[in-house]
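The values are calculated or read from the model by the stated rules, or taken from the named source; none is laboratory data. Fair warning: this is a prediction, and the values are worked out from it, not measured in the lab. Positions of Cβ are generated from backbone atoms using ideal geometry, with glycine treated the same way; all protein chains shown enter the neighbour counts. Protein only, heavy atoms only, side chains kept; ligands, DNA and RNA dropped before computing areas. Shrake-Rupley method; radii C 1.70, N 1.55, O 1.52, S 1.80 Å.
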Amino acid sequence: MQPTTLASPDAQQRDGAARAPALKLLQPPLVSFTDVNKTYDGTALVVRDLNLEIRRGEFLTLLGPSGSGKTTTLMMLAGFESPTAGEISLSGVPITRTPPHKRNFGMVFQNYALFPHMTVEQNVAYPLSVRGIKGTDQKTKVATALDMVQLGALGSRYPGQLSGGQQQRVALARALVFEPQLVLMDEPLGALDKQLREHMQIELKELHRRLGVTFVYVTHDQSEALTMSDRVAVFNDGMVQQLDRVDRLYETPANRFVASFVGDNTILDGVVVGSAGAACVVGLANGCRVTGVNVNGAKTGDAVRCCIRPERIELTGVLNQANTFEATVNDVIYFGDHLRLRCSVPGQPEATVKLPLGLHDVPARGEAILLYAAEEHLRIYL
């Protein structure tokens, strides 16, 4: 498939995805939410105190559980909902009261929203027709859009004759054909099976890289967010809990919610018995003490939760080693690319440990083991 300049409003934006991140930071944001609140009943805030900047050319994902405010945020950006308070700006110009059809944004929905009585070509051409683009110019743009999503040979078919993945591509082509400066996607892969969904994640990311168009993507699937995004805004209770690059989001969660929602964690609950600078010492129920990164400024006597990624935990044979605790293996599960141990730790939730394949001495069910959690990977939250 040949590279295309479709869906790129100017030469700079076409190259946006290939630029160094430092250069992107120098550009003014494409979209700004300033002190935005949203309520439907006048009492409960669905979105509260939202201050969010979306950079040109980035793939930003709004991630969170149901009811967290992520979809409402997308709908306010699209113009289908209006903020109760605050302002939304596009390239510095307020658009809060601009109707959806004048915002020139592409939109892809979970159910694709294709017209069943129209062919694929007619569906893709529809946004051009309503904008007065007809004739040869329309045909050229439609052909380019369909080639871009590898459906050039299926233009005469109807949506009912296509697979779910093909319908999703048609919806994406329709969203891009009129060259929007922003594409909004509301869980567009949610209706696909696991294998196809993972394949489409890679295709979407590659398409974004080639086009350099700004993508804003909503999902509740944290693996999907980590796979595709440049940055992720994690929502809960109507607020952004953390906005960060995917690697930082995974390795250095800002609070207890982000740590539990993004990726797997093994949890140790305890009480702070001492602190010094960026670290603190936590006493566990079984009498063990562990030292970790003091994320939220916990003080002596505070009840805290220690979190560590299962792949960061190591098996050790050294009983008196710092940050070591005893566990009993409840189960050993083969996951294809790793082994997963489910372990019981006295006075704690069930612990998970991920081990690489090829270990010579894999513990058996019922075996007592010693686990080591390195201080730099153990994060302690209030």
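Provide the FRET efficiency to the nearest 0.05 for the HIS360-ALA143 pair, computing r from the beta carbons and using R0 = 51 Å.
Values: r = 58 Å, r/R0 = 1.14.
Computed FRET efficiency for HIS360 and ALA143 comes out at 0.30.
What residues have an amide H closer than 5 Å to that of ASN236, excluding those fewer than 5 places away on the same chain, when H is modeled at 1.01 Å from N in the peptide plane?
GLN241
In Å², what does the accessible area per residue of the chain work out to with a 1.4 Å probe? List each step's numbers first, then the result.
Working: 17610 Å² over 382 residues.
Ligands and nucleic acids excluded, the figure is 46 Å² per residue.
Report D for the chain in µm² per second (integer): Stokes-Einstein, Kirkwood Rh on Cα pairs, 37 °C, 0.692 mPa s. Kindly include the intermediate steps, with their values, before the conclusion.
Working: Rh = 23.3 Å.
In µm²/s, the coefficient rounds to 141.
State the extension gain, in nm to one decimal, for the chain segment bounded by VAL130 and ASP264, taking 0.36 nm per residue of separation less the distance between their alpha-carbons.
Working: separation 134, 0.36 × 134 = 48.24 nm, distance 4.67 nm.
43.6 nm is the gain from fully extending VAL130 to ASP264.
Per the Debye formula with a single identical scatterer at each Cα and no solvent contribution, what log10 I(q)/I(0) holds for segment 273-380 at q = 0.10, 0.11, 0.13, 0.16 Å⁻¹?
Per q value, in the given order, log10 I(q)/I(0) is -0.29, -0.35, -0.49, -0.71.
Could you point to the residue in TYR158, GLY263, LEU184 farthest towards the positive end of the chain's charge dipole, with +1 and -1 charges on the Cβ of Lys/Arg and Asp/Glu respectively?
Projecting each Cα onto the dipole axis, the largest value belongs to TYR158.
For a paramagnetic label modelled at 7 Å from the Cα of ALA85 toward its Cβ, which residues of segment 31-53 fall within the zone defined by backbone nitrogen distances under 18 Å?
In segment 31-53, the label zone of ALA85 (backbone N under 18 Å from the point 7 Å along Cα→Cβ) covers 33-52.
Ranked highest first by average number of other Cβ atoms within 10 Å, how do 219-225, 301-307 line up? Please list the in-between numbers first.
Values: 219-225: 19.9, 301-307: 18.1.
Put in order of decreasing packing, that is 219-225, 301-307.
Enumerate the calculated ³J(HN,Hα) couplings along segment 237-247 in order (Karplus 6.51 cos²θ - 1.76 cosθ + 1.60, θ = phi - 60°), each rounded to whole Hz, writing x wherever the residue is Gly or Pro.
6, x, 10, 7, 7, 7, 10, 6, 5, 5, 5
I'd like the FRET efficiency for ALA374 and GLN195, computed as 1/(1 + (r/R0)^6) with the beta carbon distance as r and R0 of 45 Å, rounded to 0.05.
Details: r = 35 Å, r/R0 = 0.78.
The calculated FRET efficiency here is 0.80.
Give me a comma-separated list of calculated 3J(HN,Hα) values for segment 365-371, in order, Karplus coefficients 6.51, -1.76, 1.60 applied at θ = phi - 60°, integers in Hz, x for any Gly or Pro.
Working through the residues one at a time gives 4, x, 7, 7, 9, 10, 10 Hz.
Once fully extended, how much extra length lies between ASN286 and THR328, figured as 0.36 nm per residue of separation less the alpha-carbon to alpha-carbon distance? Mind showing how you got there, number by number?
Values: separation 42, 0.36 × 42 = 15.12 nm, distance 1.36 nm.
Using 0.36 nm per residue and subtracting the Cα-Cα distance, I get 13.8 nm.
Tell me which of THR43, ASN330, MET76 sits at the most positive position along the dipole axis of the chain, charges placed on C-beta atoms (Lys, Arg +1; Asp, Glu -1).
MET76
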